[in-house]
Amino acid sequence: MKKIQTKIMLLVILATIGVSVINVILSTLISRNSTTSAIEQTLTETTELAALAAQNMISTYTLTIAEIASSPILSSPEITLSEKQAFLQTKVDAYYMRFGGMADADGYDSIHDTDISDEPFFQAALQGKSYMSSPYYEGNDGYLVVSAPVISDGSVTGVVYFQCDTNILQSIISEIQIGEEGDAYILDKEGTTIAALDTEEVLSQENLIREMASNPDDRYIQELGSIELKMVAGESGVERYTYPEDNVNYIQGYTSIPGTDGWSVGVTISEDEFLHYAYVGNNLQLVISAVLCVLVILLSAFVCRTITGPIVKCARRLHSLSEGDLKSPLPEVKGRDETRILSDSTAHLVTNFKVMLEEIGMVLSSIANGNLTADSVKAHYPGDFKALQEDLQTINDKLNQTLSGIAEATAQVSSSSAQVASSSTSLSQGSTEQASAVVQLSSTLSDMDKDAKQTAALSEQTKTAVDGAQLQLEESRKHIEGLNEAMDQITSTSNEIRHIIDTIEDIALQTNILALNASVEAARAGEAGKGFAVVANEVRELASKSDEATKATIELIQRSIAAVNSGSEAVTNVTASVSEVVVLAEQAASQMDVMTEAVERQTNSINQVSLAVSQISEVVQSNSATAEESAATSEELSNQAVILKQLVGGFTLRRR
């Protein structure tokens, strides 16, 4: 558990450090931003001044050359070439130039026998403008060409041009120096360095714009080349880039130079160099903030100790009180602020607790010794502790009432338990007699159940036999019906045979008549018909025999039909008798089913009665056991009532 002093100190330390850190950060940011803004403003102004200086220098030279070109000596056709050359030489010497020449309108310099028609300075002057060219270099030697038109009668008749040393540009750049690591340079319209503090850049004709394509991974060339692209585009502004070799951040201001052919000037300074003093100030402020933090922490620790000391003492005393310590000395505080109030309140709380607990202990000790006549009204119970006093008194009163009630109830329990014991004994005897009667009834029902089950078994067997006989009679009836159908078929067949015999008899009669006719015809034929007469006679005899056989067959068939009719009548009678027997058998089977169901119901009823008797027996036995237990319990209850009465007698109660 953290101490309050630790918490306060931690809060003060965090707050102090937080405020200091925020102050340092804000100061650093403000100082850096203000310094950076001042640098950018200064750089912008310096760049504009450099451009103005270059413009003035270029204007001075172009105006001077224009003034020379306006001389009548150069424009007059009456002046000889040697005189013009002498005039130009005097100007070269007067203005410290390197060379002076004059070309006609076609670009031919007859003085030096040179054609300059393709040179930019000639073409610009031919348009009627004074012009300063980019430097020309021959090894390490460089020069500028300044040209101006020679005007005669309002038209350009020639061009005057002079070579100037490139030092005139270097003189402008050399005057621009911001800081120890500052730099300045001038670019022409192609981005080539034509003047710089580092003359090596001029002599090598450095052009970072062209180098960007061949060095895509070089951060320095890409960043500075992007800036120089804006310079040759005629833009003005301030940009930042980093030189990778020494990892120094640079700020460059740039602007175009008016009155030139796309020239621009750039001025560069080291950002770290100008921010150095800001960093020194920030470090000094950081040290001062650290010292102030230490002083504030020390002062806070002293003040915190004077505040938390009494609080800690009171907290320790309250902690010991929570652990049951009522005897340790109370904390003493000499101050007159809230800590004194806390100390007095702690002392008052401990004293009240001690007095209240002593009185509560006295009352509880009296109760433990069996004395319930003690009252808790001596000590002072402040505020909400008053309820504790009332609850303690209520407990004492409730115990008196409860124990008094227990004493009275004990006497009643003792009397009632004796009566319950007597009743339980009588109930036990009656239950025993009921159990004996139930056992006899159960035995009788068991015999009845056996007889009913035997009757049911016999009924089931009889029903099975009747069902079998019914099935046999049904089969016999079916066979007799089949026999009856067969007799009917025999009768039908005999009738058909009779019809056939009648037909045969008719045929025999006709045959006999034909034979008779044949005999008559044979007799008429005489000798020729003897053979035919013999055949006719044989046919007649056969017809006679067929007739006799037919008659005999008819007689037999008639006797067969009569026998069949008698048999059919007998079969019909048997069929009727069997049908009656089948009906009687079905009735007997139905009655056997009814009797079997009645026997089953009787058996089920006997089983239910047996089950009920068994339950009655169990209830009677349970009642008997309960009665015995009640008797034993009543006796035990009586004994416990005596013991309880003795225990209650050990307490001293208030008189009602």
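For the range 89-136, the relative contact order is 19 percent, taking Cα pairs closer than 8 Å that sit 6 or more residues apart in sequence and dividing their mean separation by the residue count.
Panel values: the range 126-192, Kirkwood radius from alpha carbon pairs, Stokes-Einstein at 25 °C and 0.890 mPa s, translational diffusion coefficient 172 µm²/s.
Can you pull out the GluC sites (Glu not before Pro) in the range 1-99 whose DSSP state is coil and whose Cβ has at most 16 other Cβ atoms within 10 Å? Intermediate values should be presented prior to the final figure.
Values: sites: 40, 45, 48, 67, 78, 83; in loops: 78.
Sites meeting the loop and neighbour criteria: 78.
Near residue 114, the amide H atoms lying under 5 Å from its own belong to 109; only residues 5 or more places off or on other chains count, and H is placed 1.01 Å from N.
With R₀ set to 60 Å, the beta-carbon distance separating residue 549 from residue 471 gives a calculated FRET efficiency near 0.75. Applying 1/(1 + (r/R0)^6) with R0 = 30 Å to the Cβ-Cβ distance of residue 305 and residue 345 gives a FRET efficiency near 0.90. Take the Cα of residue 298, step 7 Å toward its Cβ, do the same at residue 99, and the gap between the two points is 8.0 nm. Please give the FRET efficiency for residue 155 paired with residue 49, using the beta carbon to beta carbon distance and R0 = 41 Å, rounded to the nearest 0.05. That pair, residue 155 with residue 49, gives E of 0.55. Extension gain for residue 59 to residue 118 (0.36 nm times residue separation, less C-alpha to C-alpha distance): 18.9 nm.
Remark: the range 107-123, residue by residue, has Karplus-estimated 3J(HN,Hα) of x, 9, 9, 6, 5, 10, 6, 9, 9, 10, 5, 8, 7, x, 5, 5, 5 Hz, where x stands for each Gly or Pro and the curve is 6.51 cos²θ - 1.76 cosθ + 1.60 at θ = phi - 60°.
Got a sec? How would 84, 530, 189 order by Cβ neighbour count within 10 Å, fewest to most? Show your work: numbers first, answer last.
Values: 84 23, 530 12, 189 16.
With the sparsest Cβ surroundings first, the list reads 530, 189, 84.
May I ask for the percentage of alpha-carbon pairs in the range 6-281 that lie more than 26 Å from each other? The proportion of pairs with Cα distances above 26 Å equals 54 percent.
Computed from backbone phi with θ = phi - 60° and the Karplus coefficients 6.51, -1.76 and 1.60, the 3J(HN,Hα) list for the range 187-200 is 10, 8, 5, 8, x, 7, 6, 10, 7, 6, 5, 8, 5, 4 Hz; x is used for glycine and proline. Near residue 197, the amide H atoms lying under 5 Å from its own belong to 184; only residues 5 or more places off or on other chains count, and H is placed 1.01 Å from N. Taking amide H as placed 1.01 Å from N in the peptide plane, the amide H of residue 150 sits under 5 Å from that of 157, 158, 159, 160, each at least 5 places away or on another chain.
Our coupling estimate for the range 62-67, obtained by passing each phi through the Karplus curve with A = 6.51, B = -1.76, C = 1.60 and θ = phi - 60°, is 5, 5, 5, 5, 5, 5 Hz, Gly and Pro reported as x.
Quick note: the coordinates plus some simple rules give every number you see, no bench work behind them. Small disclaimer: the values here were computed from a predicted structure and weren't measured. Cβ atoms come from the backbone with ideal geometry, glycine included; neighbour counts cover every protein chain shown.
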